[in-house]
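The block underneath contains the structure these notes are about, expressed in structure tokens.
Taken together, the values in this text are just the output of simple stated rules run on the coordinates, not laboratory data. The shown structure was predicted, so the numbers you read here are calculated from the model rather than taken from an experiment. All Cβ positions, even for glycine, are placed from backbone atoms using ideal geometry, and neighbour counts span all protein chains on display.
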Amino acid sequence: MRVQSLTLAVASAALLAPTTSPATELADARTGPTVRHEGDVEAADLLARVRECAPVSHGRYRSDDGTAATIPVCGTKEAVFWKADMDIDCDGRPGSHCNRRTDPLFSDATAYQQSDGRYLSAESLPYIVVPAASGIWDYRDHGVRGGAVAAVVYGDRVQYAVVGDVGPEHIIGEASYATAKALGIRSDPRGGGAPSGVTYIVFKNAQVKPIEDHAAAVATGERLARLFVGK
């Protein structure tokens, strides 16, 4: 069960990539005719790079309330990563899919805001959620801020996203409605998500501004992913 994300006032630094990259459309019967596969770095190459875990967290996270704490945050020189489930974050600006009617835990705020001062839209912006800073792990100590670029891997699909919200300090494994939908994961905040098999790779000290510029996140993510896998 998803726990409602916390809203924190955090400023984000900026690193804007100059170019964008087209996305490849893939068929998926679970979500409709197509889902997006972004960039040309293969999921298998990213997963091979994060096969071994060197923990950077001082403890482990739960995937949901009431589950065992088994998930560490791992690190390399270039990135931090974790392997978890995916709960659906539908917070931020309300829309037809994310609102108080569709999501009993809906919050109209996210930890970070767009350049125009409005909260993010979980329906339209692919973003992930990081746990609130705690004795287990403080994401800020590892070059992660709002707008930090992430590669989210599920099956053979890669979706680039930004860090867009902050959640409970003991739970990990959550992303926006838009992230789930793009990966072919059921995006309904009531019972959607994936129970396991999602890998979140957040590149250190790599952020986009404005945070809502998904094309910049894709371009930056693709470039860093190539470097990460040695291509």
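Structure data summary
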read-out: Global geometry of the range 92-231, whether rounded, prolate or oblate, following the gyration tensor of its Cα atoms and the 1.5 cut on a/c; value: rounded
read-out: Antiparallel %, DSSP beta bridges [both residues in the range 33-188], to 5; value: 60
read-out: Selection of trypsin sites (Lys or Arg not before Pro), the range 43-131, meeting DSSP coil and at most 14 other Cβ within 10 Å; value: 51, 77, 100, 101, 118
